[in-house]
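Chemist: Before we start, here is the structure in question, set down as structure tokens.
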Amino acid sequence: MPTVGRLRYLESVPRGTGRARGTLVLLHAFPLNARMWEPQLALADHGWRVLAPQFRGCDGDNADPPAVSVDDYTGDVIDLLDALHVEDAVIGGLSMGGYTALAIFRHAPRYVRGLILADTRSQADTLEAAEGRARMLKLVAERGPSAIADEMIPKLLGESTRARRPEIVERVRSLVLANSPQSIAGAVRVLMTRPDSTPLLAQIHCPTIILVGDEDTMTPRALAEEMHGRIAGSELAVVTGAGHLSSLEQPAAFNDALARFLTHRV
């Protein structure tokens, strides 16, 4: 992966000599890394430059200092855009990546040409969720990334994927295991301290698509519908046969929804 500042990133550009229609930035979920977006690099075929940054500390990257808040991730992404001379982009994220996409809009809306919010939520952690994060910090400290994979995979993947797609289960496991205990713990702390973005939703007036797997139990369809109702003019796409990682579980359907959005709305 190329590196700029604190971030490594994947990149795919349109073939031929034509100018790209714009830049699409895809921000990854916890506890994975940028490689979860490899199926979406094909969106370059629709004329877009696709960037998938890897948050600091992920996949063996021992960036110093570690992130302590979602604003650290936000600043890193903005620094990357500036370094690559990207003036604006369609910013998308799944789960933790969605939290970061909303934070980018909060701090620097001029960079945001459009928003993609996939299998995510606007609310901060509840007290119960924060207690679960604390247990996860203890788990990763005592038993490492393999225990996190065992804990998270049943939540990340839908029932259909777990029953019929063993290759996806193993792919997700490998992405989790690529992270160090320190990077997982750092991301957990970022998740625990993120602010409530619900008041921000009414301020979003750029083209926005909200995607959700119909088997997502972590950020279920009801939360996606709530965001859809609060973001004027937004589009809602339900990905059939997918859980929380809809872009990995059903990449063709996910990409089709994004391609339509990018072609007709942005």
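The values are calculated or read from the model by the stated rules, or taken from the named source; none is laboratory data. Just so it is clear, the structure is predicted and the values come from calculations on it, not from any experiment. Cβ: placed from backbone, ideal geometry, glycine included. Neighbour counts: every protein chain shown. Just so you know, the surface numbers come from the protein's heavy atoms only, side chains and all, with ligands and any DNA or RNA stripped out. Shrake-Rupley method; radii C 1.70, N 1.55, O 1.52, S 1.80 Å.
Chemist: Tell me which of Leu84, Thr126, Cys58 sits at the most positive position along the dipole axis of region 1-147, charges placed on C-beta atoms (Lys, Arg +1; Asp, Glu -1).
Modeler: Farthest towards the positive end: Leu84.
Chemist: Normalising by the residue count of the chain, find the relative contact order in percent from Cα pairs under 8 Å and 6+ residues apart.
Modeler: The normalised contact order for the chain reaches 20 percent.
Chemist: Stretched out fully, how many nm does the piece from Ser69 to Asp150 gain, at 0.36 nm a residue minus the Cα gap?
Modeler: Computed gain between Ser69 and Asp150 is 26.6 nm.
Chemist: With the other protein chains left in place, how much accessible area per residue, in square angstrom, belongs to the chain at a 1.4 angstrom probe? Intermediate values should be presented prior to the final figure.
Modeler: Values: 11030 Å² over 266 residues.
Dividing the accessible area of the chain by its residue count gives 41 Å².
Chemist: Further, regarding this structure: Over region 1-55, with every protein chain in place, what whole percent of the accessible area is carbon and sulfur at 1.4 Å, could you tell me? Before the final figure, lay out each step's value.
Modeler: Values: 1020 of 2180 Å².
Carbon plus sulfur share of accessible area: 47 percent.
Chemist: Show the residues, 5+ positions off or on another chain, whose built amide H is closer than 5 Å to the amide H of Ala237.
Modeler: Sorted by chain and number, the residues that satisfy this are Ile210, Leu211, Val212.
Chemist: Based on Cα positions only, what radius of gyration and what Dmax would you give for region 75-184, in angstroms?
Modeler: Considering region 75-184 through its Cα atoms, Rg and Dmax are 16.6, 44 Å.
Chemist: What spacing in nm lies between the two simple spin-label points modelled at His107 and Glu142, each 7 Å away from Cα in the Cβ direction?
Modeler: Roughly 3.4 nm, to one decimal.
Chemist: Now for a separate question. Compute the orientation-averaged projected area for region 221-265 from the convex hull of its Cα atoms and round it to one decimal in nm².
Modeler: Reported value for the Cα convex hull: 3.3 nm².
Chemist: Let me have the relative contact order for region 52-181, percent, based on Cα pairs under 8 Å that are six or more residues apart.
Modeler: On the way: 121 pairs, mean separation 29.7, N = 130.
Result for region 52-181 is 23 percent.
Chemist: Per residue of the chain, what 222 nm ellipticity follows from adding -39500 (n - 2.57) for every DSSP H run with n ≥ 4, rounded to the nearest 500?
Modeler: -13000 deg cm²/dmol
Chemist: Sort 5-11, 28-34, 202-208 for me by packing, meaning the mean count of neighbouring Cβ atoms within 10 Å per residue, highest on top.
Modeler: 28-34, 5-11, 202-208
Chemist: Something else: Relative to the present Cα-Cα distance, how much length would full extension add between Glu11 and Asp214 at 0.36 nm per residue of separation?
Modeler: Additional length available on full extension: 70.2 nm.
Chemist: Hey, what's the Kirkwood Rh for region 123-248 if you take every pair of different alpha carbons, in angstrom?
Modeler: Evaluated on region 123-248, it is 16.0 Å.
Chemist: Let me ask something else about it. What distance in nm separates the two pseudo spin-label positions at Ala124 and Arg265, each 7 Å out from Cα along the beta-carbon direction?
Modeler: Calculated label separation equals 2.8 nm.
Chemist: Using only the C-alpha atoms of the chain, find the volume of their convex hull and express it per residue in Å³.
Modeler: Convex hull of Cα atoms, per residue: 113 Å³.
Chemist: Follow-up question, since we're still on this one. Provide the per-residue ³J(HN,Hα) series for region 47-52, in order, calculated from phi with Karplus coefficients 6.51, -1.76, 1.60 and θ = phi - 60°, each as a whole number of Hz, with x at glycine and proline positions.
Modeler: x, 10, 7, 9, 10, 10
Chemist: Could you tell me what percent of the accessible area of region 176-266 is made up of carbon and sulfur, with a 1.4 Å probe and every protein chain present? Before the final figure, lay out each step's value.
Modeler: Values: 1950 of 3590 Å².
In region 176-266, the share of accessible area belonging to carbon and sulfur is 54 percent.
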